[in-house]
Amino acid sequence: MENSFKGRSLCVIDDFSKEERLYFFSLVRRLQEAVRTNDEAAVDSFRIKDPDFGIYEVFLEDSTRTKESFRNAANFHHVKLTEMNTEHSSFNKSESYADTFNTLCGYNNRIFVIRSKVEGVCRYLKEECTAYARRNGLPYVPAFINAGDGKHEHPTQELLDEYTFLQDNGWDTGSIHIALVGDLYHGRTVHSKVNGLTLWKSVKVDLIAPEELAMPEHYVVQMRENGFDVRLFGSIEEYLAQADVAGKWYFTRPQLERMGEKILAKADRLRASITFRPEFMDRLPQDTRFYHPLPRHKVHPTIPTFLDDTPLNGWERQSINGMFCRIVLLGLVAGKLGGDFVPTAAPEAAPEEEWIREIIPDGAPKKEEVSEGVRPIRNGIVIDHICRGDQPEEIRRHMILIRRVMNLDGLKGGEWVSQSSDGRFKGIIFRPGNFTLDHKQVKRLAAVAPGCTLNIIKDGRVAKKYRTSLPPRIYNFDDLMCLNEACISNDSQNENVQAMFLKTGDGRYRCAYCGKVHTFKEIFRH
Ligand code: NCD
């Protein structure tokens, strides 16, 4: 059977299923046990041992633990490890990510470990370099491991965090109660927890952060959709004033370097609200553990150093676990490990929901439309029920966008806002003429005006009628753009990446690269 881990990329934690992660953790346990008992043969069985196998570390942001644990992990494997000197590369000559990594991919480098400010870069490079490998007949396709991309995710940190939590939980995946404390706004390690913590059946998450550092709303929504019980607190003090305190605390560093001047002025207050103090000690439940992805600030540590030598200290073991997790990860992606993993059959994909529905027209325009001027059109289109329920001002604004997206500007016709009998407003756009909208154009219409009806009028009759709803995926249009400036698909990055969006559970659109959530009104560039 094919090794299902071989050549896999890890761009977000969700790229590995729960059962894959549990299998992964079982290997890390075995490796640690082999090391602990000095079983050299068992340790050796984890090694890739191929001096030509290329692993490339590309760190465009600072790092100690992630970079060095990957480096030590790669050295464990006896492979060809290269660390890119990013200060003296053609990045400085405005070379694109695609050209840079395609080049490196051609030199027998099979795994790339990348840290960048640019979000979604691994997902994009996976597509781009796979195409490069194929068109150049390379005998492999490269894998990409996200070692932290901007404020987005840090999936390998998530793996070692989950491993450490499990270790302290007696390997139980029944339930977890965890407090996430600190900079939940910038902290990519806590963003990976949004889907990562689904490893446990019952999850209670307490978010402790002042407003300025609060978890972005779409992540809170996602956690609740994942079934987590989520509570929000503004400071540790406020948290400890109530009785239900978590036994696991995950601290993250206030990333003041990513903030503007205004916030820096409030730095002391922000730090104080998320810093642990001696007087809090007796309010912790028994066996509480603290964790931290590190680094901590040497002048303003949120976990003060007096706690290092107490049973609260989980962060040192967490950091040590990091290297073992990365050894196993590289071994799996190289195809050295994982040959015995048998995934349970994937559940059958739900049938794609119908988002363009053809309605059998009743032959004649409806009465209300007659009174609003549709009848004069012998041939043309009428887009009806636009933004039903919104305010007239908002509908008018959105109709401008619809006209542009559908290329309806500069043509004869008109549009207006009307009120239905139930009192709700809706927009109508009509254009006389001979229109044939193909599937792609109807999809565009569904994306920009979900819930509308499209009437195609021929010889004074409604020849075809469609009702649209939000498509599950929107891509392959030149004028889409993710609004996150740090995203690889945002224009400001100049990487020429076409945006792609996936519908969320609550009817919004998540960028396939950086995860930013948009309303349907926001995804077209105009
Ligand atoms: C973190 C990171 O870079 O995301 N550290 C880490 O990788 N262990 C957290 C941080 O920078 O504060």
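The values are calculated or read from the model by the stated rules, or taken from the named source; none is laboratory data. These numbers were taken from a predicted model, which means no experiment stands behind them. Here the Cβ positions follow ideal geometry from the backbone for every residue, glycine too, while neighbour counts run over all protein chains shown. Side chains are part of the model used for accessible areas, which takes the heavy atoms of the whole protein and leaves out ligands, DNA and RNA. Shrake-Rupley method; radii C 1.70, N 1.55, O 1.52, S 1.80 Å.
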Inset, instruction - Report the calculated FRET efficiency for N38 and D309 (r = Cβ-Cβ distance, R0 = 41 Å), to the nearest 0.05. - result: 0.90
Inset, instruction - For the stretch 356-471, compute the number of Lys pairs whose alpha carbons are separated by less than 17 Å, excluding pairs fewer than 8 positions apart on the same chain. - result: 11
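If you put +1 on each Lys and Arg Cβ and -1 on each Asp and Glu Cβ, how big is the dipole of the stretch 158-313 around its Cα centre, in Debye rounded to 20?
So the magnitude is around 280 debye.
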Legend entry - Selection of GluC sites (Glu not before Pro), the stretch 283-357, meeting DSSP coil and at most 15 other Cβ within 10 Å: E348, E352, E353, E354
Inset, instruction - At 0.36 nm per residue, minus the direct Cα-Cα distance, what do K93 and Y140 gain on full extension? Give it in nm, one decimal, please. - result: 14.1 nm
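Ranking request for peptides 162-173, 106-117: highest mean number of other beta-carbon atoms within 10 Å first, then the rest in descending order.
For the peptides 162-173, 106-117, the packing ranking is 106-117, 162-173.
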Inset, instruction - Evaluate Rg over Rh across the stretch 459-520, taking Cα atoms for both radii and Kirkwood's formula for Rh. - result: 1.16
Inset, instruction - Can you tell me which of 195-205, 178-188, 264-274 comes out highest on packing, and rank the rest after it, using the mean Cβ neighbours within 10 Å? - result: 178-188, 195-205, 264-274
Inset, instruction - Sticking to Cα atoms, compute the Rg of the stretch 356-471 to one decimal and its Dmax as the biggest Cα-Cα distance, whole number, in Å. - result: 12.9, 34
Inset, instruction - Could you pull the Cα extents of the stretch 1-125 along its three principal axes, largest to smallest, in whole Å? - result: 50, 31, 29
Inset, instruction - Could you tell me the largest-minus-smallest coordinate of the C-alpha atoms of the stretch 232-355 on each of the three principal axes, in descending order and whole angstroms? - result: 51, 47, 36
Legend entry - Partner lysines for K298 [C-alpha distance under 25 Å; skip if fewer than 8 residues away on the same chain]: K67, K117, K151, K248, K262, K266
Inset, instruction - Give me the compactness ratio for the chain, meaning the Cα radius of gyration over 2.2 N^0.38 Å. - result: 1.13
Inset, instruction - May I ask for log10 I(q)/I(0) of the stretch 139-194 at q = 0.14 Å⁻¹, from a Debye sum over the Cα atoms as equal point scatterers with solvent left out? - result: -0.48
Legend entry - Dimensions in Å of the stretch 374-419 - Rg and Dmax from alpha carbons: 11.2, 31
Legend entry - Sum of -39500 (n - 2.57) over DSSP H runs of 4+, divided by residues of the chain (222 nm, nearest 500): -8500 deg cm²/dmol
Inset, instruction - Before anything else, pin down the relative contact order of the chain: Cα pairs under 8 Å, at least 6 apart, normalised by residue count, whole percent. - result: 14
Legend entry - Per residue solvent-accessible surface (Å²) - the stretch 356-471, probe of 1.4 Å: 51
Inset, instruction - For the chain, find the longest principal axis of its Cα atoms and tell me its angle to the long axis of helix 392-405, 0 to 90°, nearest 10. - result: 80
Legend entry - Simple Cβ-charge dipole of the chain, Lys/Arg +1 and Asp/Glu -1, about Cα centre, in debye nearest 20: 1520
Legend entry - Alpha-carbon centroid distance for the pair the stretch 267-326 / the stretch 43-105, whole angstrom: 30
Inset, instruction - With unit charges on the beta carbon (Lys/Arg positive, Asp/Glu negative), name the residue among P311, A272, V230 whose Cα is farthest towards the positive pole of the charge dipole of the stretch 158-313. - result: A272
Legend entry - Rounded to 10°, Cα long-axis angle of helix 439-448 versus longest principal axis of the chain: 70
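Report the equivalent ellipsoid semi-axes for the stretch 181-306 in whole Å, largest first, defined as the square roots of five times the eigenvalues of the gyration tensor built from alpha carbon atoms.
Each semi-axis is √(5λ); the values are 22, 19, 13 Å.
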